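Asks: Please find one structure pasted underneath; my questions will follow.
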Amino acid sequence: MARNTTISADPNAPPITRILADFVATHPSRGWSDAVEHEAHRTFLNWLGCAVGAARHESVRASLAAVQMLQPAAQATVLGRAERVDMASAALVNGIASHTFDFDDTHLKTVIHPAGPVASALLALAEVTGASGRAVIDALVLGIDVSCRLGNLMYPDHYDRGWHITGSTGSIGAAAGCARLLGLDPARTAMALGIAASQPVGLREQFGTMTKPLHPGAAARAGLMSALMAQHGFTASARALEAPRGYVQVVSTKADWREATEALGERFEISLNTYKPFACGIVVHPGIDACAQLREQGVRAEDIERLELKVHPLVLELCGKAEPADGLAAKFSIYHACAVGLIHGRAGEGEFSDAVVNDPQVVALRRKVRATVDTAIAEDQADVRAVLRDGRELHLFIEHAIGSVDRPMSDAALEAKFHGQADPVLGASRVQALIQACWGLGGASGVGAVVQAAGA
């Protein structure tokens, strides 16, 4: 029987592989505003704190044990640990660590966590090549721009198909960043993007398991290897991103090509990056914010008859686990998130431990949470009504959750978050030195101060 090989695709798509490669290879060093420059350092700082904070987690131990069976060369640092491995494996393990607690950065327009793949690849490569801190920051800005522009181009269709967009765009962003750090010309940068385009990573089915944080780690490794292969002459299609059977048109039903090129080199997607005050899925942050505010008003768990939430459709799609059995699953439970927000007034990694998940008080309160979808509610909004046992009703509408672009975390709050994650691993004095090394990275001769302070 003959097959129908007709596909619905755009054969006249613009040459975005070439356009993005030219941009990555030729854009001037520090060719952006002071605000973008500062956001790049905030992004690196937040990423590093998340990676160090998870250094002792089982997902890191298991992935590192697997890597060590390959007998890797001791090229690069595993953050927060004494072990050293080859740079590709360091990119993998550090990328896993950075996403393990779901505490990393978020580009809210696409729900991409951009630093995990890109920064994990860049730090490992820079440690081996001796690249300057300036070169690392340049590559971080440009690599994240490629990731997020591809995300803008395809979101939400690509995400709705089941791709974990952090990994599936992250391998290409990591390849772009590493190509920049290696100083590849536009032609070889295009090859790096093309090689990475055949390695999209991550399915949403894995949310709530250790394989979710594998996605940014695997993307970091794939992107790094793609750039190294291109450096040595390995080839790919020059239209790997835009061709009818290329990356975009295979993995997405939406292809808004303008998103890849509009204001390229003038608007930088890293300027839209946000940082999580809560260690869980970003879409439940407005609910936690509201519940923490109820606690500040004196409401306690025993006062609650029920909590009624109106939320964006993604909340229940991504975080609708009503009875999570462990901490990883609880990160995808609006019910658990609201319960700990009200009981503890916070939702850090400790509030997603197995012990807290199974705390009878938490279990009882989360069963009083009623969440319904309202298509009029935006992704960073929540409408919360607390019905109290004494008959009172308290209403809160969160217009923009804390940590969003409109209510960003301050530098001081980011430093406090870093200390909260990394102090138990490295100690407060080393962490303070590490924070200062992050803020000064753009002017540093290399990444030595960062990796020396970050290794156990």
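Asks: Which value results when the Cα radius of gyration for the stretch 173-255 is divided by 2.2 N^0.38 Å? Provide the component values of the computation, followed by the final result.
Replies: Values: Rg = 13.4 Å, N = 83, 2.2 N^0.38 = 11.8 Å.
Ratio of Rg to 2.2 N^0.38 Å for the stretch 173-255: 1.14.
Asks: T253: net charge of surrounding residues, Cβ under 14 Å, Lys/Arg +1, Asp/Glu -1, itself excluded?
Replies: Details: positive: R161, K254; negative: D10, D157, D160, D256.
Here the charged neighbours net out to -2.
Asks: Next question. For the residue pair R258 and N12, what label-to-label distance in nm results when each label sits 7 Å from Cα along the Cα-to-beta-carbon direction?
Replies: Between R258 and N12, the simple spin-label model gives 1.7 nm.
Asks: Continuing with this model, one more query. Which values of log₁₀ I(q)/I(0), to two decimal places, follow from the Debye formula for the chain at q = 0.09, 0.13, 0.14 Å⁻¹ with a uniform point scatterer at every Cα?
Replies: Log10 of I(q)/I(0), two decimals: -0.55, -1.11, -1.26.
Asks: Over every pair of different alpha-carbon atoms in the stretch 118-221, take the mean of 1/r and invert it; report that Kirkwood radius in Å. Mind dumping the intermediate values first?
Replies: Details: mean 1/r = 0.0729 Å⁻¹.
Kirkwood hydrodynamic radius for the stretch 118-221: 13.7 Å.
Asks: What's the angle, to the nearest 10 degrees (0 to 90), between helix 115-129's Cα axis and the longest principal axis of the chain?
Replies: Tilt relative to the chain: about 40 degrees.
Asks: Continuing with this model, one more query. Given the C-alpha centroids of the stretch 219-276 and the stretch 149-216, what is the distance between them in whole angstrom?
Replies: If you average the Cα positions of each part, the centres end up 7 Å apart.
Asks: What's the magnitude of the charge dipole for the stretch 282-398 around its Cα centre, counting Lys and Arg as +1 and Asp and Glu as -1 at the beta-carbon? Answer in Debye, nearest 20.
Replies: Approximately 260 debye in magnitude.
Asks: Taking a cut-off of 22 Å, what percent of all Cα-Cα pairs in the stretch 282-398 are separated by more than that?
Replies: Values: 1543 of 6786 pairs.
In whole percent, the long-distance tail amounts to 23.
Asks: Which one, P277, P200, G427, is farthest towards the positive end of the dipole of the chain when Lys and Arg carry +1 and Asp and Glu -1 on their Cβ?
Replies: Projecting each Cα onto the dipole axis, the largest value belongs to P200.
Asks: Can you give the helix-only mean residue ellipticity at 222 nm for the chain, where every DSSP H stretch with n ≥ 4 adds -39500 (n - 2.57) and the sum goes over all residues, rounded to the nearest 500 deg cm²/dmol? Numbers along the way, then the final one.
Replies: Working: 21 runs with 237 residues, N = 456.
That comes out to -16000 deg cm²/dmol.
Asks: Based on Cα positions only, what radius of gyration and what Dmax would you give for the stretch 205-331, in angstroms?
Replies: Expressed in Å, the Cα Rg and Dmax of the stretch 205-331 come to 21.1, 67.
Asks: What is the helix-to-structure angle for 16-26, meaning the angle in degrees between its Cα long axis and the longest Cα principal axis of the chain, kept from 0 to 90 and rounded to the nearest 10?
Replies: Relative to the chain, helix 16-26 is tipped by roughly 80 degrees.
Asks: Hey, which lysines would be in cross-link range of K212, C-alpha to C-alpha under 26 Å, not counting anything within fewer than 8 residues on its own chain?
Replies: Those lysines meeting the cut-off are K109, K254, K276, K321, K331, K417.
Asks: Something else now. Taking the Cα centre of the chain as origin and charging only Cβ (+1 Lys, Arg; -1 Asp, Glu), how large is the dipole, in debye to the nearest 20?
Replies: On the way: 40 positive and 48 negative charges, 169 e Å.
In debye, rounded to 20, the chain gives about 820.
Where a number appears in this text, it was derived from the coordinates with a stated rule and is not lab data. If you're wondering where the values come from, they're calculated on a predicted model, not measured in any experiment. Backbone-built Cβ (ideal geometry, glycine too); neighbour counts: all protein chains shown.
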